[in-house]
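Data first, discussion second: the structure below is written as structure tokens.
Bear in mind that the values in this text are calculations on the coordinates, not laboratory data. Please read these numbers as outputs of a predicted model, since none were measured by experiment. Using ideal geometry, Cβ is built from the backbone for each residue, glycine included, and neighbour counts are taken over all protein chains shown.
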Amino acid sequence: MPGEHRIWKFGDDVNTDLIIPGRYLDNYDPKHLALHAMEGASPEFAAGVSRGDILLVGENFGCGSSREQAVIALKQAGVSALVAKSYARIFYRNSVNLGLMVLVSQSAYAMFDDGEEAVLDSDENAIISIDRKKKAFFEPIPAHVLKILEQGGLMPYLRKRLGR
Amino acid sequence: MAGKTLAEKILSRASGKADAEAGDVVEAKPDFVFSHENTFLVNRSFAELGLEKPWDVSKVAVFLDHRSPANTAQTAAAHARIREVVRKFGIERFYDVGEGICHNLLIEERLIRPAQLVLGSDSHTTTAGAIGAFGAGIGATEMAGIWATGSIWLKVPATLRVDLGGHLPVGSYSKDVALQLARKLGHSGADYMCVEFSGSYLVDTTIASRMVLCNMAAEMGAKTALVPADATVYSWYSSRPSEDRSALCSDDDARFEATIRMDVSQIPPTVSGPDKIDLSDSVDKFLDIDVNQAFVGSCTNGRLEDLVAAAQILKDRHVAKGCRLIVGPASRRVLEDAIESGVAKILLDAGAAIIPPGCGPCLGSHEGVLGPGETCISSSNRNFRGRMGSDDAKIYIASPATVAASAVRGRIADPREVLVDAR
């Protein structure tokens with residue numbers, strides 16, 4: 001997780017219809033989905049997001065539909081990690097399975113602002129401001145989740161496990 | 001030692017870990033799995049593994065229900081690809097255009113049984129709890145993982161018990177119970193939990209109405225929902241299930257996260273919205289909101305009893321000018337039964353547009369997409385902004401009776417008042 005990245009901040013209960021509206025689900029091409037990432041919550045996001053950017057969100061992120069396209073859209077748009085107070089369960093699983101880093105922190109949300117740049121430090125397991133004056137720690141990632149994330153998602157993990 | 005909840009029992013059996021309890025992470029083998037249009041994504045991930053076919057195709061079903069018949073050329077191409085995949089793998093339980101909604105067919109076609117572990121790549125897989133099965137929604141890639149290995153990691157959920165006593169008053173239905181529960185719990189009040197329904201209300205409650213409760217539990221964040229199998233379920237399967245009775249319900253001394261008690265005899269017709277399911281309240285708080293579209297259907301409320309409830313309101317009445325009523329039967333069987341019983345004729349005479357069995361306009365891709373500034377009252381499950389079309393449309397959720405009454409008035413209306421009005 002090296003480098004400095006812009007924070008995009010959203011509130012509580014951002015549902016998957018806001019992350020990728022149902023009307024775009026006909027086309028499974030990740031590039032098409034990325035053009036509409038977060039469209040329901042912020043029409044400016046898809047055009048403004050850069051590779052490596054961080055989503056900082058509140059409670060229950062990704063609630064609603066099981067659509068995996070929500071994760072595909074964010075990942076393809078360049079989002080490197082999510083930092084949330086909590087996730088809806090299917091969204092969390094989908095992120096792990098597609099290798100999108102889903103981090104949990106109760107304190108980061110109040111500490112960082114939209115548009116601010118920050119660093120994700122995997123040694124410290126924290127998000128840190130550029131001037132290093134602000135630091136919010138992540139909750140440890142459970143072992144059964146980490147082993148999948150470390151391989152970049154469920155399919156790479158299974159390829160290794162099944163010797164494919 | 002404390003007893004076990006039904007959720008703990010089912011996941012203990014499915015994982016082979018005899019004493020699995022809430023909070024444990026287990027590797028479980030599902031008894032049945034299914035996917036819908038997202039089979040396209042399941043197969044795309046599965047193909048990365050280079051395996052010949054899924055681990056056990058007799059446990060796999062595929063449904064085309066979400067954008068069915070195809071709404072665009074792209075969907076048609078995806079449908080074609082899915083049919084190829086189904087043929088290649090020899091998946092016999094394939095339900096093509098016109099058959100109906102996955103959650104409905106699982107029970108109607110008796111594809112699943114009580115106490116089974118059922119996983120579907122759809123968030124409303126909780127509906128399977130209506131016959132006492134542990135149904136949970138997952139994503140497409142982990143469905144591919146199950147296709148490959150026949151197993152999946154799951155956290156054993158804590159159980160929130162919802163004890164429902166009494167009998168519903170005239171004009172109220174299980175949907176109203178679900179919306180009042182959403183008001184009480186909030187849209188994330190059952191996060192990661194199993195919601196287990198119990199109580200005297202359930203004794204005379206149909207499987208269709210139980211499906212409404214379990215379906216709507218997903219809107220409160222539940223991982224799964226359960227109505228333990230009873231005589232109603234046994235008769236649905238025309239025999240007592242072979243499972244031991246104790247395997248089908250929670251122990252009396254099981255550990256519940258909490259127990260909520262509701263007296264359903266106090267529940268009025270209820271409306272929820274816009275935007276959030278827990279913005280639910282008695283219909284009289286919503287009267288006089290103009291409605292452009294009314295929808296009776298979806299996996300929540302698209303069964304015969306729902307169409308009958310709407311027909312009782314609509315008989316010898318007509319949908320108001322400026323309002324449209326869309327009716328989406330949840331399956332071919334529902335549509336056939338509605339035709340044979342005369343219910344379909346009543347709906348048509350009242351001005352309803354009946355669409356093919358499937359998810360219909362619920363997810364905003366076709367058959368009743370909302371325009372900017374429009375308002376819809378719907379018997380479906382989600383009123384998220386933008387869900388059914390324009391971000392500037394408003395969605396209210398209610399029972400089929402309240403939806404039908406609102407269609408007659410052209411504004412949100414109390415079904416009890418419409419029923420007593422002279423025709």
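For segment B:33-40, putting each phi into the Karplus relation 6.51 cos²θ - 1.76 cosθ + 1.60 with θ = phi - 60° gives couplings of 9, 8, 9, 10, 4, 6, 4, 4 Hz, in residue order, rounded to whole numbers and with x for Gly and Pro. Among A:Y28, B:Y234, B:Y396, the ranking by other beta carbons within 10 Å of each residue's beta carbon, starting with the fewest, stands as B:Y234, A:Y28, B:Y396. Other residues within the sphere of radius under 12 Å centred on the Cβ of B:R67, judged by their own Cβ, net out at -3 (K and R +1, D and E -1). With a Förster radius of 25 Å, plug the Cβ-Cβ distance of A:D123 and A:H144 into 1/(1 + (r/R0)^6) and report the FRET value to the nearest 0.05. The calculated FRET efficiency here is 0.65.
Would you compute the Debye intensity of chain A from its alpha-carbon atoms alone, equal scatterers and no solvent, and pass along log10 I(q)/I(0) at q = 0.12, 0.18 Å⁻¹ to two decimals? Values returned for q = 0.12, 0.18 Å⁻¹ are -0.49, -1.12. Rounded to the nearest 500, the helix-only mean residue ellipticity at 222 nm of chain B stands at -8500 deg cm²/dmol, with each DSSP H run of n ≥ 4 adding -39,500 (n - 2.57).
Hull volume per residue, based on the alpha-carbon atoms of segment B:157-267 and their convex hull, is 98 Å³. One Cα centroid belongs to segment B:176-237, the other to segment A:12-67; the line between them spans 30 Å. Give B:K29/B:K223; A:K160/B:K59; A:K85/B:K17 a once-over and call out the pairs whose C-alpha atoms are over 20 Å from each other. Checking Cα-Cα distances, A:K160/B:K59; A:K85/B:K17 exceed 20 Å. Contact order for segment B:271-420, expressed relative to its length and based on alpha carbon pairs under 8 Å spaced 6+ residues apart, stands at 35 percent. Among B:E196, B:E109, the ranking by other beta carbons within 10 Å of each residue's beta carbon, starting with the fewest, stands as B:E109, B:E196. Between 0 and 90 degrees, rounded to the nearest ten: what's the tilt of helix B:6-15 against the longest Cα principal axis of chain B? So the inclination is approximately 40 degrees. The order of B:D281, A:D131, B:D392, going from fewest to most other C-beta atoms within 10 Å of their C-beta, is A:D131, B:D392, B:D281. Close amide H partners of B:F34, meaning residues 5 or more places away or on another chain with modelled amide H under 5 Å apart, are B:A61, B:L119, B:G120, B:S121.
The C-alpha atoms of chain B define a longest principal axis, and helix B:174-185 lies at about 70 degrees to it.
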